[in-house]
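The structure appears right after this line, and notes come after that.
The values are calculated or read from the model by the stated rules, or taken from the named source; none is laboratory data. What you are looking at is a predicted structure, and each value in this text was computed from that prediction instead of being measured. Cβ atoms come from the backbone with ideal geometry, glycine included; neighbour counts cover every protein chain shown. Calculation scope for accessible area: heavy atoms of the full protein, side chains included, ligands and nucleic acids excluded. Shrake-Rupley method; radii C 1.70, N 1.55, O 1.52, S 1.80 Å.
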Amino acid sequence: MDIYVGNLPYDAMDGDLQELFEQYGKVTSARVVIDKMSGRSKGFGFVAMADKAEADKAIEKIRQRTTNRR
């Protein structure tokens, strides 16, 4: 399952995304989108997880964590 991840800090790297989602299951890829002109993150990325149940759990848990910070 491919997951869009938005509102990332501009210093986030691929490894940060992978580490965050691996808490909930096997990550097959994690990529922060980089602006070609500036070389900086665009503030979003994509994570792929093979198991849909693990992906759904990751989305739910991470959404709860970010909602509770506000």
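Just to confirm the number: angle between the C-alpha axis of helix 52-69 and the first principal axis of the chain, 0 to 90 degrees, nearest 10?
70 degrees
For the chain, report the convex hull volume of the alpha-carbon atoms normalised per residue, in Å³, without decimals. Can you show the working numbers first?
Numbers: hull volume 5.4 nm³, N = 70.
Normalising the Cα hull of the chain by residue number yields 77 Å³.
Counting only pairs 8 or more places apart or on different chains, how many lysine pairs in the chain have C-alpha atoms closer than 26 Å? Let's see the in-between values first.
Details: 26/42; 26/52; 26/57; 26/61; 42/57; 42/61; 52/61.
Total qualifying Lys-Lys pairs in the chain comes to 7.
If you roll a 1.4 angstrom probe over the protein chains with everything in place, what fraction of the accessible area of the chain belongs to carbon and sulfur, to the nearest %?
Ligands and nucleic acids excluded, carbon and sulfur reach 49 percent.
For the modelled label position 7 Å from the Cα of residue 38 along Cα-to-Cβ, which residues of the range 3-23 have backbone nitrogen atoms closer than 16 Å?
7-13
So how much accessible area does residue 59 have, in Å² to the nearest 10, using a 1.4 Å probe?
50 Å²
Taking only DSSP H segments of four or more residues, each worth -39500 (n - 2.57), what value at 222 nm results for the chain once the sum is divided by all its residues, to the nearest 500 deg cm²/dmol? Let's see the in-between values first.
Values: 2 runs with 27 residues, N = 70.
For the chain, the value works out to -12500 deg cm²/dmol.
Within the range 5-37, list the trypsin sites (Lys or Arg not before Pro) lying in a DSSP loop whose Cβ has at most 16 other Cβ atoms in a 10 Å radius. Numbers along the way, then the final one.
Values: sites: 26, 31, 36; in loops: 26, 36.
Those satisfying the criteria are 26, 36.
Enter the accessible area per residue of the chain (Å², integer; probe 1.4 Å; all protein chains in place).
Working: 5060 Å² over 70 residues.
Normalised by residue count, the accessible surface of the chain is 72 Å².
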